[in-house]
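One structure is given here, and the rest of the page talks about it.
The values are calculated or read from the model by the stated rules, or taken from the named source; none is laboratory data. Worth saying up front: this structure is predicted, and the values here are computed from it rather than measured. Cβ placement follows ideal geometry from the backbone for every residue including glycine, while neighbour counts extend to all protein chains displayed.
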Amino acid sequence: MDSKKRVDSFATIFPQNPKGANEKIIYGHIGLGGMGSSHVVPDSCAALCDVDANHLKNNAKRVTGNPLLTDDYRRVLERKDIDAVTIGTPDHWHALMTVHACQAGKDVYSEKPTCKTIEEGQAMIAAARRYKRVVQIGSQGRSHPSAAVACNYIRNGQIGKIKEVKLWHPNNYVSDNNFGKEGPAPPELNWDMWLGPLGWRPYNPAIVHFNFRWLMDSGGGFIRDRGNHAMSIALWLTGQDGWDAPVTVEASGETNPNSVYDAPLTMKAKWEFSNPKWTLIWEQPGVVPERFEGEWGGTYTGDKGDLIVAGGDGGCATEEKAKLYTPPADGFKAFLHPENTDPTERHRRNWRHCIKTREKPVMDVEIGVKVIILPIIANIAYTVGRKLTYDPKTWKFINDEEANRLLYEPYRAPWSLKGI
């Protein structure tokens, strides 16, 4: 099939009925690196997809039957026997694959961050709603018991009215002098498909797999990576998933000119919310509070006290006072999927449950977009070098056309978000 035709072909949805409680869900797994391979369901897998043949080969050994093996995700979406897909690719693929999967009638579990631009976030929400798909974002901190008890503690007023949330994190995990060496891609890697909608650039081993995080176009640095987890927890604990009033943002940081990576090694960002008024701070590097251990996390400060929550992904911890707290009978109680497994699996099981019930999952795509907007606009403030005001109702910055142009990034042909 012609590449352009295949890109457009998913505009015709394949209607699917909800699965019965005992019916097996058939999966296609797209992106099989670190987190992607953890999503593979060995006895319910009809297709495996990765642009690295080594990833395909290693994961094919884990599954039963004879799954489709491909480096082109569109072949997975063409399969009518597949109910749902997991997406564990580099960040620049998340939105387009999610949109196409929704168009093809597949439910989606996509790794965080949700997207890399505002335009992508809008497209993902529109596709999920138009095609009535269950889309869960892999911010599994929302399924962690420690985060849930912290949420109960804060949302029931134990620290009073929120004034400030300060998130702390170490610098990017990169060397001080890494240029990498451009050259031909290894035979096992489909470099053109790895790039996908990104602008063309020569292959460089220093930027693929885990290290895509340290480029602004494919990863955006730790603020868009771990920051997505930390800010997901911050919005949940403060009850601000639906924030809809203008927010100011300012950011500063430093890069290393002797490196192929252009995402800031150090970064400080501050968001000031207007309704209600509270401040969110990202410090990289940040100072870990003396009374608590943890490489990264946040200090939540209210007018009556504070609480520390370390981590925010599959690893999360909080203080004893939150663990011992019992919410009142008529108070707020954070939802946790009832199956008591590790947080990442619990998060996936919530998604599977929602595939069968057609409920919204705990980290629905719309919440995921609200979260990722914060690091996106911080990176833009860093890029333009000034304080900005973002209006979530218009999806734009107020009175700043230069910054608004950075909310959208062109795709390399034939890739497109049009026709949703």
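The set of residues from the stretch 226-259 being within 15 Å of the chain's Cα centre (by Cα) and closer than 17 Å to residue 383 by Cβ comprises just one member, 227.
In the stretch 286-301, the condition of being over 26 Å from the mean Cα position of the chain (by Cα), free of Cβ contacts under 8 Å to residues at least 12 places away in the same chain, closer than 16 Å to residue 170 by Cα and surrounded by fewer than 19 Cβ atoms within 10 Å (Cβ to Cβ) is met by at least one residue. With respect to residue 292, is the statement that it is of a type in the set (Phe, Trp, Tyr), assigned to a loop (DSSP other than H, G, I, E, B) and more than 30 Å from residue 249 (Cα to Cα) true? Criteria not met by residue 292. Here 184, 170 are screened, and the one residue that is out of contact with any helix residue (DSSP H, G or I) (no Cβ under 8 Å at 6 or more places or on another chain) and either touching a residue at least 40 places away in the same chain (Cβ under 8 Å) or buried (at least 18 other Cβ atoms within 10 Å of the Cβ) (or both) is 170.
Please go through the stretch 299-318 and pick out each residue that is of a type outside the set (Phe, Trp, Tyr) and more than 24 Å from residue 345 (Cα to Cα).
Taking the stretch 299-318 as the starting set, the residues that turn out to be of a type outside the set (Phe, Trp, Tyr) are 299, 301-318.
Scanning the stretch 299-318 gives 299, 301, 302, 303, 304, 305, 306, 307, 308.
Taking the condition touching a helix residue (DSSP H, G or I) at 6+ places or on another chain (Cβ under 8 Å) and more than 24 Å from residue 115 (Cα to Cα), does residue 25 pass? It is true that residue 25 is touching a helix residue (DSSP H, G or I) at 6+ places or on another chain (Cβ under 8 Å) and more than 24 Å from residue 115 (Cα to Cα).
Restricting 317, 381 to residues that are within 30 Å of residue 255 (Cβ to Cβ) and surrounded by 16 or more Cβ atoms within 10 Å (Cβ to Cβ) narrows the list to 381.
Tell me, which residue of the stretch 62-96 that is part of a strand (DSSP E or B) and of a type in the set (A, V, I, L, M, F, W, C) is nearest to residue 353 (Cα to Cα)? Break it down into steps so the answer makes sense when it comes.
Within the stretch 62-96, the first condition is being part of a strand (DSSP E or B), and the residues that meet it are 68-70, 84-87.
Now drop any that are not of a type in the set (A, V, I, L, M, F, W, C), which leaves 68-69, 84-85, 87.
On the way: 68: 25, 69: 27, 84: 12, 85: 14, 87: 18 Å.
Among residues in the stretch 62-96 that are part of a strand (DSSP E or B) and of a type in the set (A, V, I, L, M, F, W, C), the one nearest to residue 353 (Cα to Cα) is 84.
Residue selection: residue 100 fails the criterion of being surrounded by 24 or more Cβ atoms within 10 Å (Cβ to Cβ) and touching a Gly at 6+ places or on another chain (Cβ under 8 Å). Scanning the stretch 255-283 for residues being at pLDDT 95 or above and either surrounded by 15 or more Cβ atoms within 10 Å (Cβ to Cβ) or among the charged types (D, E, K, R) (or both) gives a total of 14.
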